[in-house]
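As structure tokens, the structure follows; a few thoughts come after it.
The values are calculated or read from the model by the stated rules, or taken from the named source; none is laboratory data. Here the structure is a predicted model, which means the values were calculated and not measured. Neighbour counts are summed over all protein chains in view; Cβ atoms, including those assigned to glycine, are modelled from backbone coordinates with ideal geometry.
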């Protein structure tokens, strides 16, 4: 529904939008959130999508950094009540309707932008802990914002949200690993590749690309053993749906033998819907 005073194009960022398209895991996560929160959650996902789009849509690194800096300033303007972008107007309008409730902090937004900055600078994660920290800042930051949007602000609950987002991000990286190495983006840490006698560039070569499934197998096993458990009970349904869908995706990836070098393995929309319906 249009809000008076919002610029043209703002409605395109309400639910569902390009960050929560029908059939996606985020679509179902937001679909089963409280109706009053759907546009806000879709706008938050849209903000992350727009920031990550800098990596794909801007070829000049200098221009990309300028655009990323613009988004950093835009979130500060938005939270201060002076949005410019149509997406930001939706975000501001939805937050304004929540008078009397705590607002959203800038740190999770800036953490997402920092992850994109690292990719722009080709800053490779040195070890697994650095890779995990980046995931906590990125998708973990979005999950924290989702939890906060539901009125959850205690640090224990927010930490679970961030950890769950990081776990889901690692599953996504397994799914997208073949594409990511062709785009010269990080899939494994520098230490892991060095132990295999490889570099990030060597892994992307046709000579060594076939080794990717074997290198990913220990990661998948570690994800299975470290999957969030009963502590998710206090998390919003949107986060629990995301976790359940990614857990099923991890099973599917392992069942394929992690054959992700030249294909993208995923779940059908119908299966995602069924998972979402079962996640109470």
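Taken residue by residue, the range 219-230 has no member that is within 21 Å of the chain's Cα centre (by Cα), assigned to a helix (DSSP H, G or I), surrounded by 14 or more Cβ atoms within 10 Å (Cβ to Cβ) and modelled with pLDDT under 95.
Consider the range 231-241 and keep the residues that are touching a residue at least 60 places away in the same chain (Cβ under 8 Å) and outside any loop (DSSP other than H, G, I, E, B). The one that is surrounded by the fewest Cβ atoms within 10 Å (Cβ to Cβ) is 231. Taken over the range 172-202, the residue count meeting the criterion of being part of a loop (DSSP other than H, G, I, E, B) and either at pLDDT below 95 or under 13 Å from residue 215 (Cα atoms) (or both) is 11. Within the range 5-26, if we keep just the residues that are within 13 Å of the chain's Cα centre (by Cα) and in a helix (DSSP H, G or I), the residue that is farthest from residue 149 (Cα to Cα) turns out to be 25. Within the option set 126, 96, 133, 82, being surrounded by fewer than 18 Cβ atoms within 10 Å (Cβ to Cβ) and under 20 Å from residue 15 (Cβ atoms) holds for one residue only, 96.
Every residue, every condition in (1) out of contact with any helix residue (DSSP H, G or I) (no Cβ under 8 Å at 6 or more places or on another chain); (2) surrounded by 13 or more Cβ atoms within 10 Å (Cβ to Cβ); (3) touching a residue at least 12 places away in the same chain (Cβ under 8 Å), yes or no:
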site	(1), (2), (3)
58	no, yes, no
109	no, yes, yes
117	no, yes, yes
122	yes, no, yes
145	no, yes, yes
148	no, yes, yes
155	yes, no, no
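Scanning the range 60-76 for residues that are over 21 Å from the mean Cα position of the chain (by Cα) and either crowded, with 16+ Cβ neighbours inside 10 Å or at positive phi (or both) yields a total of 0. Residues that are more than 23 Å from residue 113 (Cβ to Cβ) and modelled with pLDDT under 95 within the range 8-35 comprise 8, 11, listed in sequence order. Within the range 77-87, the only residue that satisfies the criterion of being under 24 Å from residue 57 (Cβ atoms) and either modelled with pLDDT under 95 or within 20 Å of the chain's Cα centre (by Cα) (or both) is 87. Return the residues of the range 242-280 that are closer than 22 Å to residue 181 by Cβ and assigned to a loop (DSSP other than H, G, I, E, B); say none if nothing qualifies. Passing the criteria: 256, 257, 258, 259, 260, 261, 262, 263, 264, 265, 266.
How about the range 168-208: which of its residues are more than 25 Å from the chain's Cα centre (by Cα) and within 15 Å of residue 262 (Cα to Cα)? 205, 206, 207, 208 - these are the residues of the range 168-208 that are more than 25 Å from the chain's Cα centre (by Cα) and within 15 Å of residue 262 (Cα to Cα).
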